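Trainee: The following block contains the structure, expressed as structure tokens.
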Amino acid sequence: MEEQTPILNLNLNLNRIKGGGGGIRRPLWVSVLVLFTVIALFSLHINREYSIFSIPLDFISGRVGLVSSYQQKSCSDFFKQVPARKVVKSIRDFGGIGDGKTSNTKAFQRATEFMARFTESGGSQLVVPKGRWLTGSFNLTSNFTLFLEYGAVILGSQDPDEWPIIDALPSYGRGRERLGARHISLIHGNGLTNVVITGENGTVDGQGKMWWDLWWNRTLIHTRGHLVELINSQNILIQNLTLMNSPFWTIHPVYCRNIVIRNMTILAPLNAPNTDGIDADSSLNVCIEDCYIESGDDLISVKSGWDQYGMKMARPSSNIIVRRVKGTTPTCSGVGIGSEMSGGVSNVLIEDLYVRDSAAGVRIKTDIGRGGYIVNITINNMRMERVKVPIRFSRGANDHPDEKWDPKALPEVRGIFISNVVSLESKRPPLLVGIEEAPFEEIHMKNISLFGLAPSMKWNCEYISGSSCSVFPAPCSQLLKNESTVQCPH
């Protein structure tokens, strides 16, 4: 994959240091000399290919994306465009009342049942106009568009009975939080094709505090529902919306293919438990780009089933692209792979990622008993500010679905390529801990600059092997072998 070097848009107006009559004022000249001396010293720690001039200030500030050719890249063609829908109706046509108090659960159910009549004859679109539309869970249908107009807000019901109980996913064998079944998502679909969830930056608010309280108080009976979950579905587009306050994971495509999630804002209180932004789970050809996420868990997560249940189902996550995602999570990571990865995870590309004020930038998580594999992961052009551990590989915390897990089922982690990373105000050095019985192999790092660490802080590595070049501060000995794999400059 061809590498692009980001460009710094830094224009020093040297005319401002000129004095009257064209002379140079000595105090300002000294200041400029000091400035360039500092830059030169920084450059000693970064190779000539990726100097301090490669750090895009706008990207570091979080205001705009990288100034590079990556700006134009898109994986949105994973979604094949659909023709205009034949039938367009408003939720008001089905008795909906957008006052924020009246339950519209029956109205949404009537609407989607009506729209299902047109699945094979031109498709349909349900419009949610400006207003506050309180509802329990409802199911989508194929060849269907859910369109939220500007000012439209779908509110999740505060009645748990309006989030019915459904079977656990077979690749998990149980609810993720509790044994047995689980609550359905607010917006749900199973076995669908050609579905669009979009609008004019309308909002879906799960009003999740009721569910977070149940979790905090240890009174949760069944696993919480997601905000949007699509199962066994294909050709799905989710874009141009704000999703907030999910009870559990926010967007969860599972056993899906050809999914595009773009131009989304996803928000949850930073202490809201397990409110992941987007979880691509046992899915193929997933495109996630141009999203802003604040959550109480991973911004983006890639999964593929839990221990023996995931291994038995063997539905991998593969061909996943994550681009131009920004956000913050004080407890978890910008992108997390695993820890439920027993069906396998491969061919993941993550680039142009900005993470601030978070526990980790990127994290690979697995454990004994998981089985499966994590292979061919590429992470390129990542910027971090005030991230506790910029890069972390770790084992789980003895987290298994039941006593039937197999301690001999060891995961394979191999082929992790991380390049062009800048972390400012780093709190701790990378923590790369593999598994003694199954070391992580072919870990390659290039152009990694971690600023803010005390000189006494050293990389912590165990049961890993690989290579590195142009890494500051110096990595652990397990990564000091310089191989052509990372194409280091001579």
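The values are calculated or read from the model by the stated rules, or taken from the named source; none is laboratory data. Because the structure is predicted, anything quoted here is derived from the model rather than measured. As a convention, Cβ positions derive from the backbone with ideal geometry for all residues, glycine included, and neighbour counts pool all protein chains shown. Protein only, heavy atoms only, side chains kept; ligands, DNA and RNA dropped before computing areas. Shrake-Rupley method; radii C 1.70, N 1.55, O 1.52, S 1.80 Å.
Trainee: In Å², what does the accessible area per residue of region 332-477 work out to with a 1.4 Å probe?
Mentor: 33 Å²
Trainee: About its Cα centre, how strong a charge dipole does region 311-469 have in debye, to the nearest 20, once Lys and Arg get +1 and Asp and Glu get -1 at the Cβ?
Mentor: 520 debye
Trainee: For region 260-309, evaluate the Debye formula with one uniform point scatterer on each Cα (no solvent term) and list log10 I(q)/I(0) at q = 0.16 Å⁻¹, rounded to two decimals.
Mentor: The calculated log intensity ratios at q = 0.16 Å⁻¹ are -0.50.
Trainee: Where the centroid of each part is defined by its Cα atoms, how far is region 325-361 from region 374-399 in Å?
Mentor: Answer, in whole Å: 6.
Trainee: Across 10 Å bins from 0, what is the distribution of all Cα-Cα pair distances for region 348-490, in whole percents?
Mentor: 12, 42, 34, 11, 2, 0
Trainee: So, one more: Calculate the radius of gyration of the Cα atoms of region 81-216 to one decimal place, then report Dmax, the largest Cα-Cα distance, as a whole number, both in Å.
Mentor: When restricted to Cα atoms, region 81-216 yields Rg and Dmax of 15.5, 47 Å.
Trainee: For residue 481 and residue 213, compute 0.36 nm times the residue count separating them, minus their Cα-Cα distance, and round to one decimal in nm.
Mentor: Answer, rounded to one decimal: 91.5 nm.
Trainee: Each label point is 7 Å from the Cα along the Cα-to-Cβ direction; what then is the distance between the points at residue 399 and residue 80, in nm?
Mentor: 3.7 nm
Trainee: I've got another one for you. Which ³J(HN,Hα) values, rounded to whole Hz and listed in residue order, are derived for region 87-93 from phi using the Karplus coefficients 6.51, -1.76 and 1.60 in 6.51 cos²θ - 1.76 cosθ + 1.60 with θ = phi - 60°, glycine and proline given as x?
Mentor: Per residue, the Karplus-derived 3J(HN,Hα) values read 10, 10, 10, 9, 4, 5, 5 Hz.
Trainee: Based on the alpha-carbon gyration tensor of region 136-249 and its eigenvalue square roots a ≥ b ≥ c, which shape applies: rounded if a/c is under 1.5, prolate if not and a/b is larger than b/c, or oblate?
Mentor: The shape class here is oblate.
Trainee: When the chain is fully extended, how far beyond the present Cα-Cα distance does residue 105 get from residue 90, taking 0.36 nm per residue of separation?
Mentor: 3.9 nm
Trainee: What whole-number value in Å² describes the accessible area per residue of region 68-227 for a 1.4 Å probe?
Mentor: Details: 7250 Å² over 160 residues.
In whole numbers, region 68-227 has 45 Å² accessible per residue.
Trainee: Carbon and sulfur atoms: what percent of the 1.4 Å accessible area of region 193-270 do they account for?
Mentor: Numbers: 1200 of 2450 Å².
Within region 193-270, the accessible surface is 49 percent carbon and sulfur.
Trainee: DSSP loop trypsin sites (Lys or Arg not before Pro) in region 174-260 with at most 11 other Cβ atoms within 10 Å of their Cβ, which ones?
Mentor: Here the sparse-neighbourhood loop sites are 218.
Trainee: May I have the convex hull volume per residue, in Å³, for the Cα set of region 294-372?
Mentor: 75 Å³
Trainee: Per the Cauchy relation, a quarter of the hull surface: what is the mean projected area of the convex hull of the alpha carbons in region 179-313, in nm²?
Mentor: 7.9 nm²
Trainee: Using 19 Å as the cut-off for backbone N distance, which residues of region 173-204 belong to the label zone defined by a point 7 Å from the Cα of residue 159 along Cα→Cβ?
Mentor: Answer for region 173-204: 183-188.
Trainee: Ok, one more. Can you give the Rg to Rh ratio of region 364-440, both from alpha-carbon atoms, with Rh computed by the Kirkwood formula?
Mentor: With Rg and the Kirkwood Rh in hand, the quotient comes to 1.04.
Trainee: With the convex hull built on the Cα atoms of region 112-172, state its orientation-averaged projected area in nm².
Mentor: 5.9 nm²
Trainee: Moving on to the next point. How much accessible area per residue does region 284-328 have, counting only protein heavy atoms and a probe of 1.4 Å, in square angstrom?
Mentor: With the other protein chains kept in place, region 284-328 gives 25 Å² per residue.
Trainee: Hey, another quick one. How much accessible area does residue 79 have with a 1.4 Å probe, in Å² rounded to the nearest 10?
Mentor: 10 Å²
Trainee: Grab the Cα-Cα distance for residue 465 and residue 73, subtract it from 0.36 nm times how many residues apart they are, and report the gain in nm with one decimal.
Mentor: Here the answer is 137.9 nm.
Trainee: Carbon and sulfur atoms: what percent of the 1.4 Å accessible area of region 109-162 do they account for?
Mentor: C and S atoms contribute 47 percent here.
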